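Asks: Below you'll find the structure I mean.
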Amino acid sequence: MTHALPDRLVDPFERSIDYLRVSVTDRCDFRCTYCMSEHMTFLPKKELLTLEELDRLCSTFVRLGVRKLRVTGGEPLVRKGIMTFFDGMSRHLGDGLDELTLTTNGSQLERFAQPLWDAGVRRINVSLDTLDADKFKAITRWGSLDKVLRGIAAAKAVGMRVKVNTVALRNFNDVELFDLLSWCAAEGLDLTFIEVMPMGDMGEVQRLDQYWPLKDLRAQLAERFTLSELSYRSGGPARYFEVGETGQRIGFITPLTHNFCESCNRVRVTCTGELFMCLGQEDMADLRAPLRGSESDAPLEDAIRRAIARKPKGHDFDYSRQEVAGQMSRHMSHTGG
């Protein structure tokens, strides 16, 4: 007897939702200045979903049509026992799930690269905003560049494809643009630049001073290199280009100068079970209550479907009026990137 597949998740704008980003912890061993406060107050552990609850929740999304699962934090690899979650989710690869991946700051990669590969992780994103050790220490507050570089090397050694994510920050890494590009080319790494987003209570003046539009960054690159747009898509919001002179692939994530909302196929779940249908909106749905309130998955599925029916057309991020319009009060680390 065959069972009919459940209806796939489709939002009010006919976008199929097949990409889930799930935060497994709000904790991190860095304190990046654009992501969280130096003295963060973290959530009580009882509020976080257990690894078993995260497995059940993500498995429900896979059953409803999610094909790509990205694990985030905070820093996902600092969560105790995290490999039991990756090992558990690996059972869905080839059986509903096309890709299991994560975004990491790289601090724990040297230790976890092989276990992640064994769990089916083939491609990862590593956040890296500078190759200058002193500047790295300044922006992460607690981080070690050397440790991250060793982690990237370990991931490459086991066969993973590594993509570097760099937040474009004026008066910080703008002078490193070509150094970052050259280093990634030499290391065989893809590189994606991201516009800094107005999230968290970081101070409006600081955030405006940091904002470096990627159209300006691209213009600088185009003065020295030939950029050809590619049809390649990774399932996320980046638009990719090939650098003719090096052959490498670089991406641009531009939530402000050119938002990508019209093709958004993503939702995010926090480590407490809050489902955010849009990174740039405050509306969310509580999935922890139906998850903990019933042994049946039916109430959870119903809550997910009702939330997807409220997914907005787009966000309201805007720096154009020299104020941080559409600013989100929650920290990026809360939502999971």
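Asks: Across the chain, where is the longest run that never hits GluC sites (Glu not before Pro) in a DSSP loop with at most 15 other C-beta atoms within 10 Å?
Replies: The segment 39-244 is the longest one with no such site.
Asks: Continuing with this model, one more query. Would you kindly state how much longer the chain becomes between A289 and D98 on full extension, computed as 0.36 nm times their sequence separation minus their alpha carbon distance, in nm to one decimal?
Replies: Stretched fully, the A289-D98 segment lengthens by 65.9 nm.
Asks: Could you let me know the centre-to-centre spacing of the stretch 278-317 and the stretch 99-130, using Cα atoms, in angstrom?
Replies: 27
Asks: So what are the radius of gyration and Dmax for the Cα set of the stretch 68-181, in Å?
Replies: Taking only Cα atoms of the stretch 68-181, I get Rg and Dmax of 14.8, 47 Å.
Asks: Could you tell me what percent of the DSSP beta bridges with both partners in the stretch 129-250 are antiparallel, to the nearest 5?
Replies: 45
Asks: Let me ask something additional. In whole Hz, with x marking every Gly and Pro, tabulate ³J(HN,Hα) for the stretch 65-79 from phi via Karplus 6.51 cos²θ - 1.76 cosθ + 1.60, θ = phi - 60°.
Replies: After applying 6.51 cos²θ - 1.76 cosθ + 1.60, I find x, 5, 9, 10, 10, 10, 9, 9, x, x, 9, x, 7, 8, 6 Hz.
Asks: Report the percentage of all Cα-Cα pairs in the chain whose separation exceeds 35 Å, rounded to a whole percent.
Replies: 18
Asks: Divide, for the stretch 116-251, the radius of gyration over alpha carbons by 2.2 N^0.38 Å, where N is the residue count.
Replies: Normalised Rg, Cα atoms only: 1.08.
Asks: Using the basic label-point model (7 angstrom from Cα toward the beta carbon), what is the E53 to D209 distance in nanometres?
Replies: Reported label-point gap for E53 and D209 is 4.0 nm.
Asks: Just to be sure I understand: of the beta bridges DSSP finds with both ends in the chain, what percent are antiparallel, rounded to 5?
Replies: 30
Asks: To continue, here is another question. Treating the angle as unsigned and between 0 and 90°, give the value, to the nearest 10°, between the Cα long axis of helix 298-308 and the longest Cα principal axis of the chain.
Replies: 40
Asks: Report the gain in length on full extension from R170 to R141: 0.36 nm times residue separation, minus Cα-Cα distance, nm rounded to one decimal.
Replies: 8.6 nm
Asks: Starting from the 7 Å offset along Cα-to-Cβ, what nm value, one decimal, do you get for the label separation of D179 and M83?
Replies: 3.5
Asks: Could you pull the accessible area for F13 with a 1.4 Å probe, rounded to 10 Å²?
Replies: Here the residue's solvent-accessible area equals roughly 100 Å².
Asks: Still on this structure: Please compute the modelled spin-label separation between A309 and R122, points set 7 Å along Cα→Cβ, answer in nm with one decimal.
Replies: According to this spin-label approximation, the distance is 3.7 nm.
Asks: Please get the size of the charge dipole for the chain, origin at its Cα centre, with Cβ charges of +1 on Lys and Arg and -1 on Asp and Glu, quoted in debye to the nearest 20.
Replies: The dipole magnitude comes to about 520 debye.
Asks: Report in % the part of the accessible area of the chain that belongs to carbon and sulfur, leaving out ligands and nucleic acids; probe 1.4 Å.
Replies: 50
Asks: Over the chain, average the accessible area per residue using a 1.4 Å probe and give it in Å², no decimals.
Replies: Accessible surface, normalised per residue, equals 43 Å².
Asks: Suppose we keep just the alpha-carbon trace of the stretch 96-140; what are its Rg and Dmax in angstrom?
Replies: In order Rg, Dmax, the Cα atoms of the stretch 96-140 give 13.2, 44 Å.
Asks: In whole Hz, with x marking every Gly and Pro, tabulate ³J(HN,Hα) for the stretch 139-146 from phi via Karplus 6.51 cos²θ - 1.76 cosθ + 1.60, θ = phi - 60°.
Replies: Rounded to whole hertz, the list is 7, 8, 6, 10, x, 10, 4, 4.
Asks: May I ask for the angle, rounded to the nearest 10°, between helix 51-63 and the longest principal axis of the chain, with both axes built from Cα atoms and the value confined to 0 to 90°?
Replies: That helix lies at roughly 90 degrees to the long axis.
Asks: Here's something else I'd like to know. After finding the eigenvalues of the alpha carbon gyration tensor for the stretch 1-77, what semi-axes result from the square roots of 5 times each, listed largest first in whole Å?
Replies: Values for the stretch 1-77, descending: 31, 16, 10 Å.
Asks: Report the antiparallel proportion of the DSSP beta bridges in the stretch 58-211 as a percent, rounded to a multiple of 5.
Replies: Roughly 5 percent of the beta bridges in the stretch 58-211 run antiparallel, per DSSP.
Asks: Roughly how many debye, to the nearest 20, is the charge dipole of the stretch 119-238 about its Cα centre, given +1 on each Lys and Arg Cβ, -1 on each Asp and Glu Cβ, and no other charges?
Replies: About 600 debye.
The values are calculated or read from the model by the stated rules, or taken from the named source; none is laboratory data. In this text the structure is predicted, and so the values were computed from the model without any measurement. Note: ideal-geometry Cβ built from the backbone for every residue, glycine included; neighbour counts use all protein chains shown. Only protein heavy atoms, including side chains, enter the accessible area calculation; ligands, DNA and RNA are left aside. Shrake-Rupley method; radii C 1.70, N 1.55, O 1.52, S 1.80 Å.
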